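The values are calculated or read from the model by the stated rules, or taken from the named source; none is laboratory data. The structure presented is a predicted model; accordingly, all values stated were derived computationally and were not measured. Ideal geometry is used to build each Cβ from the backbone, glycine not excepted, and the neighbour counts take in all protein chains shown.
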Amino acid sequence: MNNFEKEAKYLIQTYAKYPIELVKGEGSYVWDSTGKKYLDFYGGHAVCILGHCHTKIVKAINDQSKNLIFYSNVFSTAPAILLAEHLAKTLEPKEYQVYLTNSGSEANETALKIARKHTGKDRVISFKNAFHGRGIPPLAVTGIDSYHKYKPNLDNYTSFAELGDMESVYAAYNDNTAAVICEPIQSIGGLNMAEPSFYKELEEFCKEKNMLLIFDEIQTGLGRTGTFWFSEYLKVSPDIITTAKGIAGGLPLSAVIVKKEFSSEIKVGDHATTFGGGPVPCAAAVATLEIILKKGFLAEVSGKEQAIREKLKDNPRIIKIRGKGLLLGIELDNHYPNIVKECNAEGLIISTSSDKKVLRIMPPLIITQSQIDQFAEIFIRVLNRQ
Ligand code: PMP
């Protein structure tokens, strides 16, 4: 049996997979088991934010794993403390505290629990087309119908509003509402975003009604859109920010970052997780953040976005480039079902979204102009022959 046959026999299949086995990554490229090289504009689903096997992250993982791979949270370990300090400092002068978790789904579940604890209320307002994870609570606030077949108790729990429409938020509110959860740029939903003024109004409405505003920055955070947090660009201070994806250079880790006025209400015994804040992923995360937060690093993101936009303009099949920074959606005039597969064949990895006409690109923040040129050359060639 080859590995694909073994995989079909032993691994439960929940993804529609491409028949490619990856064996190596370096910078913005990955290689498959036949030695073929791919330019990675998908980044393992927005995870590889600094590309693959960044030397500083590899060193941090190696160094930490020689000393202590794991201990649970009943003892202190320095990488978790350092990581929390870095994250909290990104939001100063406002005071935040950090709770470390393992996945985006777990971070959002934790945020929803904190909102319930603070308010003593149950209901949540979320947005149509938002995605918040695959556990039952995050599914209950996910606004994409195809994820609702397991009936995560939506009627008793969530009211869905339209991103960008405050009237629909007012209509979704009732006096049992604990929180609004918002994916500020809906990535899998097709790169939808509202006008900046909408998010400010949302923040004000949450304050007025004593609801917690949760920003799911799992895709938009960590510099992906050009500022460390997308909320920073919007000048909005969410009560809770969740982050995951690229935070630990590809190791599983996520964080719930909570305004101190709410985090201080959380007491010993209220919540726990075994693996959250383990020393190895936290050491990788500290190394990741130190690179992203280096002066000047994020200033380059919007130039790279402009370079991509420039390369894709004037193609009659491209209606619009959606999104911000290096979280972009290419809206096409039609659904071309073979385009991703054909890009793979030509050595380029890109992604789809739940809107069949919108393809997504979330390349590493370290991409260069020549890699942008290479991407555009392959993508346009493949697009033009559809
Ligand atoms: N929120 C958003 C915005 C996401 O994109 C994702 C993952 N695609 C999640 C939550 C869930 O994260 P995870 O798969 O790590 O549970």
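Here PRO238 meets each of (1) assigned to a loop (DSSP other than H, G, I, E, B); (2) in contact with a helix residue (DSSP H, G or I) (Cβ under 7 Å, 6 or more places away or on another chain); (3) touching a residue at least 60 places away in the same chain (Cβ under 8 Å) with one exception, condition (3).
Could you tell me whether VAL30 is of a type in the set (Val, Ile, Thr), crowded, with 23+ Cβ neighbours inside 10 Å and outside the structural domain of ALA287 (by TED's automatic domain parsing)?
yes
For the stretch 282-299, a residue qualifies if it is part of a helix (DSSP H, G or I) and without any contact (Cβ under 8 Å) to a residue 60 or more places away in the chain, and exactly one does: ALA299. A count restricted to the stretch 239-265 and to residues that are over 16 Å from the mean Cα position of the chain (by Cα) and either under 13 Å from TYR96 (Cβ atoms) or within 14 Å of the ligand (Cβ to nearest atom) (or both) stands at 8. The set of residues in the stretch 134-157 that are within 15 Å of the ligand (Cβ to nearest atom) and closer than 24 Å to THR101 by Cα comprises ARG134, GLY135, ILE136, PRO137, PRO138, LEU139, ALA140, VAL141, THR142, GLY143, TYR147, PRO152. Filtering the stretch 235-271 to residues that are within 25 Å of THR288 (Cα to Cα), of a type in the set (A, V, I, L, M) and surrounded by fewer than 24 Cβ atoms within 10 Å (Cβ to Cβ) leaves VAL236, LEU251. Give PHE160, PHE131 a once-over and let me know the one that is within 22 Å of the chain's Cα centre (by Cα), within 14 Å of the ligand (Cβ to nearest atom) and within 21 Å of ILE185 (Cβ to Cβ). Of the residues listed, the single one that is within 22 Å of the chain's Cα centre (by Cα), within 14 Å of the ligand (Cβ to nearest atom) and within 21 Å of ILE185 (Cβ to Cβ) is PHE131. Within the stretch 199-225, residues that are free of Cβ contacts under 8 Å to residues at least 60 places away in the same chain sit with their Cβ atoms under 7 Å from residues that are charged (D, E, K, R) and part of a helix (DSSP H, G or I), at 6+ positions apart or across chains, in these pairs: LEU213/GLU203. One residue stands out in the stretch 35-47 among those that are within 15 Å of VAL23 (Cα to Cα) and not acidic (Asp, Glu): the one that is farthest from the chain's Cα centre (by Cα), namely GLY35.
Restrict the check to the stretch 205-219 and report whether at least one residue is within 16 Å of the ligand (Cβ to nearest atom), aromatic (Phe, Trp, Tyr), at pLDDT 95 or above and within 26 Å of ALA46 (Cα to Cα). The answer is yes; a qualifying residue exists.
Considering every residue within the stretch 76-91, establish whether at least one is in the same structural domain as ALA255 (by TED's automatic domain parsing) and more than 21 Å from GLU290 (Cα to Cα). Break it down stepwise before answering.
Taking the stretch 76-91 first, the residues in the same structural domain as ALA255 (by TED's automatic domain parsing) are 76-91.
Within this subset, residues satisfying the condition of being more than 21 Å from GLU290 (Cα to Cα) are 76.
Yes, the stretch 76-91 contains a residue that is in the same structural domain as ALA255 (by TED's automatic domain parsing) and more than 21 Å from GLU290 (Cα to Cα).
Please tell me if TYR15 is within 16 Å of the ligand (Cβ to nearest atom), outside any helix (DSSP H, G or I) and at negative phi. Against the criterion (within 16 Å of the ligand (Cβ to nearest atom), outside any helix (DSSP H, G or I) and at negative phi), TYR15 qualifies.
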